[in-house]
């Protein structure tokens, strides 16, 4: 079939590291245009990757491309995706779909009116262990879910090309909206719709770097979740079921561990040679292929708008009930014991 003409809006780290290699390896798309307000950056990447146009605005894409990837800062997702959808361009939007539910609905309305496909870049669904875990939980191999606990570090290893992530106005939030949306999407994909019982984070000014969530599944199973940019964590999800537990580490570590009630354990990785040799290139390539399939067949992508919106709704509900995250070293009462020790010495 004829390749779809593709444009990418936003020439930051995720585009350079992951989207462009996926595009280069694809027989389904032809890279036509790169867009960035820093036109020199767009031009340099266009020359390197064979794009014929380097543009400063997404408004120049309609008529030039069939599909677009929106990899701009969060506060630009809604206006860019909405305008492209209104112009008849199919869109893959990087996570999160938008900063708020209202912004998600703007994109959704434009997509429905124009009949275009909008996919959301929750690429963690394409990790082999994540897909294996979904199958095991959907088939209730260990029985109904009774509780789950996710602990995940999200360190500062990402080479951001701008400082927008530190601005609440531009980013919409901190570690929960920037990285936690991946985790919330996986939990919702594995366990079904979730409700928010409690939320706490360390925000003082700016955006949060640590947070803790208490959630519930539709069946009433309690789900806890901890995220941090400050320290190492377990980096797995432990799901306790009626007949045993399932521990899931989708990447670093990539592990799936079944433990039965008698203590016997089966552990390993999901066999996937392509992922093993090039993890992120494989994941982003499969995400692009899924997007193209949805466009060509007029079907839903793996992550449709409503599921991208579902995660943003969870984040909004968390922020709405926020309480301070209490750490012993942050509070005056933590020092009373220290003073009493000094007074005795």
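The values are calculated or read from the model by the stated rules, or taken from the named source; none is laboratory data. Because the structure is a prediction, the values reported are computed rather than measured. Methodologically, a virtual Cβ is constructed for each residue, glycine included, from the backbone with ideal geometry; neighbour enumeration extends over all protein chains shown.
Looking for whichever is surrounded by fewer than 24 Cβ atoms within 10 Å (Cβ to Cβ) and either within 21 Å of residue 123 (Cα to Cα) or modelled with pLDDT under 95 (or both) here; the options are 20, 92, 55, 97. Which one fits?
Numbers: 92 fails: surrounded by fewer than 24 Cβ atoms within 10 Å (Cβ to Cβ); 55 fails: either within 21 Å of residue 123 (Cα to Cα) or modelled with pLDDT under 95 (or both); 97 fails: surrounded by fewer than 24 Cβ atoms within 10 Å (Cβ to Cβ).
After applying the criteria, what remains is 20.
Can you work out which of the residues in the range 218-232 that are under 20 Å from the mean Cα position of the chain (by Cα) and not in a loop (DSSP other than H, G, I, E, B) is farthest from residue 201 (Cα to Cα)?
223
Looking at the range 293-301, is at least one residue buried (at least 17 other Cβ atoms within 10 Å of the Cβ), out of contact with any helix residue (DSSP H, G or I) (no Cβ under 8 Å at 6 or more places or on another chain), in contact (Cβ under 8 Å) with a residue 12 or more places away in the chain and part of a helix (DSSP H, G or I)?
Within the range 293-301 (the criterion being buried (at least 17 other Cβ atoms within 10 Å of the Cβ), out of contact with any helix residue (DSSP H, G or I) (no Cβ under 8 Å at 6 or more places or on another chain), in contact (Cβ under 8 Å) with a residue 12 or more places away in the chain and part of a helix (DSSP H, G or I)), the answer is yes, since at least one residue qualifies.
Let's see how each residue does on (1) in a strand (DSSP E or B); (2) touching a residue at least 60 places away in the same chain (Cβ under 8 Å); (3) out of contact with any strand residue (DSSP E or B) (no Cβ under 8 Å at 6 or more places or on another chain); (4) at negative phi:
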residue	(1), (2), (3), (4)
211	yes, yes, no, yes
214	yes, no, no, yes
234	no, yes, no, yes
255	yes, yes, no, yes
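Looking at residue 155, is it modelled with pLDDT under 95 and in a loop (DSSP other than H, G, I, E, B)? Give the steps one after another, and end with the answer.
Numbers: modelled with pLDDT under 95: yes; in a loop (DSSP other than H, G, I, E, B): yes.
So residue 155 passes the test.
In the range 266-281, is there at least one residue being closer than 30 Å to residue 93 by Cβ, in contact with a helix residue (DSSP H, G or I) (Cβ under 6 Å, 6 or more places away or on another chain) and either without any contact (Cβ under 8 Å) to a residue 40 or more places away in the chain or surrounded by fewer than 13 Cβ atoms within 10 Å (Cβ to Cβ) (or both)?
Taking every residue of the range 266-281 in turn, at least one turns out to be closer than 30 Å to residue 93 by Cβ, in contact with a helix residue (DSSP H, G or I) (Cβ under 6 Å, 6 or more places away or on another chain) and either without any contact (Cβ under 8 Å) to a residue 40 or more places away in the chain or surrounded by fewer than 13 Cβ atoms within 10 Å (Cβ to Cβ) (or both).
Name the residues in the range 23-52 that are closer than 20 Å to residue 123 by Cα and without any contact (Cβ under 8 Å) to a residue 12 or more places away in the chain, would you?
The answer is none; no residue qualifies.
All but one of (1) within 29 Å of residue 174 (Cα to Cα); (2) surrounded by 16 or more Cβ atoms within 10 Å (Cβ to Cβ); (3) in contact with a helix residue (DSSP H, G or I) (Cβ under 8 Å, 6 or more places away or on another chain) hold for residue 306, so report the exception by its number.
Checking residue 306 against (1) within 29 Å of residue 174 (Cα to Cα); (2) surrounded by 16 or more Cβ atoms within 10 Å (Cβ to Cβ); (3) in contact with a helix residue (DSSP H, G or I) (Cβ under 8 Å, 6 or more places away or on another chain), the one that fails is (2).
Going through the range 239-253 one residue at a time, which ones are assigned to a loop (DSSP other than H, G, I, E, B) and at pLDDT 95 or above? Give the derivation first.
Step one: of the range 239-253, the residues assigned to a loop (DSSP other than H, G, I, E, B) are 242-243, 251-253.
Across the range 239-253, the qualifying residues are 242, 243.
Restricting to the range 316-340, name every residue that is part of a helix (DSSP H, G or I), surrounded by 10 or more Cβ atoms within 10 Å (Cβ to Cβ) and at pLDDT 75 or above.
Residues satisfying the conditions are 316, 317, 318, 319.
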